[in-house]
Amino acid sequence: MSLAGTALPSTEEKNTLTQDTHVAILVIEATAATPLGPKIVFANDAVLEETGYEKSSLVGSPLGLIYDRADLRSLIEKLPVIADRPGYCWMDRVLIRNGGSREIAHWTIRPTHRRIGEPPHFTLTFSVNSDLPMQSEEPSIEEEEPAIDLEDSFQDTRQESLAMAAGGVAHDFKNALQAIKSNLEMARSISGSNSRLSTYLGDANLALDDAEILAHQMLAFTRDDQVGDSVFNLGDLVKRVSSLCTAGSRVSCHLTVEPNLRPVEGDPNRIYQVLHNLVINACQAMPSGGVLHLTAGNGDFGDENPFSVPGGNYSVVSVRDRGCGIPEEILPRIFEQNFSTKPDGSGFGLASCRAIVELHQGAIRAASKVGVGTEFLVFLPSCAVDTGPTPPATVENPASSKMDGRNENVIPLVPSACRILIVEDQPGVLKATQGILGHLGHETLSALNGEDAISTYRRHLDSAEPIDVVLLDMTLPGGLNGLDVLRELKKADPDVLVIATSGYFDDEPGDTYANEGFTGLLAKPFSMNDLSISIGEALGQ
């Protein structure tokens, strides 16, 4: 495995780290390429012993595998400050061992020694033995925050493991969706707008939209997301979910939307996730078919009401099926994290629904009787503003504020033809992206890993046919991730144009990637229009 361009500890430093058998020592990268934190690039034997991981499993994995994920974002934000300190900083945080057990550990962190021009790394130590001598008089980076409650630190262990797994599954799922999306768009572009084939492809694209929402939900489950502040028409979401979630099944939908349904404020994509989950569950509860009743209306409640919701004005959605029902003894547990009535259930579907609704200051309730059916009620605080009809929620590409190209009448804005290097380790995604770019008139080169990308770019740099834009996946196999590749490319060509792509880009990636010098950011699965616009912006067209 090549680690070219990675500032690992020097030989002398590494020997010192390895010889210290009393303290667990690891080295991490300074920037996070995934939501689970910076990658671990070195771990001594004490780390392996304390965590229970094999070296091959731990090195190359994100720090969030073993470090308190509740504090991970805060730690990442403080890394630039820590890098300027002359000594150590320390914090008492949870160590997560292989298998999910957790224990408070005393951690220290400092920047590694490195040669000028090399990317920064950080050395961490941890010990669960509080009698070990302190290694520095530096103040805690969390000195104003209360100490962790040991009892609280043991809660939700399986939840964190499930969230980590969900993030990885969502990333892989979005890569698969990228290949499907690109091929569907190519097929639609050559099928003709009035053909039967175009109709089938349009239906497939609607189903793809739903799959993207599921991927968004899985990825959001790994994060402490905040809701947006859009005011939107809830009726549009209800109508859309009624048509999508019953298509192709034996279930028919009886839809009722009050004409003067009040709008609500928040994130329409997240609320659509809730409705999608509830309707899918209702359909699954009626495997032999039946009628699903989907109703949306206004509700005004005093402080004392049969639904135990705070008094106020609500827009309410009811999802009612005539399925098998939920036994009375387990009904109170259905919104619990990790609890599922399905043998192969993940346990985060309804828990996620409740979390999203409560983030919107609303409430969700359920009533059920075995052999009769189940009803879910979603209460969302109403807004007084009348928004009028609004487009239904779709999964936007949050890393790009552009149109997502789902409207079959949208013609992508095609920039001037150029030469594009696609750095992508998934063959299906690579082939589909090549097809899209070829359709847009561009010439493409490809690389399956970071080392090949760097050598290919350098080889063409001084030729008569240099590479104009690099489309770079952020999670690559081998020693170099996307940030490593960008840094190496900038050494060769400070003016290189690099568009970052990733299945982990779900919410706005923030300033981390922009500050690194990426020309653009694209969340997978991106559309032909997203890609075309990003290339045009990179080229200044």
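The values are calculated or read from the model by the stated rules, or taken from the named source; none is laboratory data. The shown structure was predicted, so the numbers you read here are calculated from the model rather than taken from an experiment. Quick reminder, even Gly has a Cβ in these numbers, built from the backbone with ideal geometry, and neighbours come from all protein chains shown. In case anyone asks, the SASA skips ligands and DNA or RNA and just uses the protein heavy atoms, side chains included. Shrake-Rupley method; radii C 1.70, N 1.55, O 1.52, S 1.80 Å.
Taking all protein chains together, Arg458, Arg270, Arg73 sort by accessible area into Arg73, Arg458, Arg270, largest first [probe 1.4 Å]. Ranked by solvent-accessible area (1.4 Å probe, protein heavy atoms only, all chains present), the residues Glu465, Glu488 order from largest to smallest as Glu465, Glu488.
Sorting 278-287, 300-309 by their mean Cβ neighbour count within 10 Å, with the most densely packed peptide first, gives 278-287, 300-309.
Run the accessible area of segment 27-88 with a 1.4 Å probe and give the carbon-and-sulfur part as a rounded percent. In segment 27-88, the share of accessible area belonging to carbon and sulfur is 50 percent.
With every protein chain kept in the model, how would you rank Arg487, Arg250 by accessible area, 1.4 Å probe, largest at the top? Don't skip to the end; give the middle numbers.
On the way: Arg487 55, Arg250 175 Å².
The ranking, largest first, comes out as Arg250, Arg487.
Only protein heavy atoms count here; on that basis, with a 1.4 Å probe, Tyr67 has an accessible area of about 0 Å². Put simply, when 490-498, 173-181 are sorted by average Cβ atoms within 10 angstrom per residue, most first, you get 173-181, 490-498. Spin-label pair Lys431-Lys78: with each label point 7 Å from Cα along the Cα-Cβ axis, the two points sit 4.9 nm from one another.
Rounded to the nearest 0.05, the FRET efficiency derived from the C-beta distance between Asn260 and Ala367 at R0 = 35 Å is 0.85.
What does the net charge come to around Ala500 if you take all other residues with beta carbon closer than 10 Å to its beta carbon, with K and R at +1 and D and E at -1?
-2
In this simple spin-label approximation, Ser252 and Asp45 carry label points 7 Å from Cα along the Cα→Cβ vector, and these lie 7.3 nm apart. Ile436 sits with roughly 0 Å² accessible to a 1.4 Å probe, with DNA, RNA and ligands left out of the calculation.
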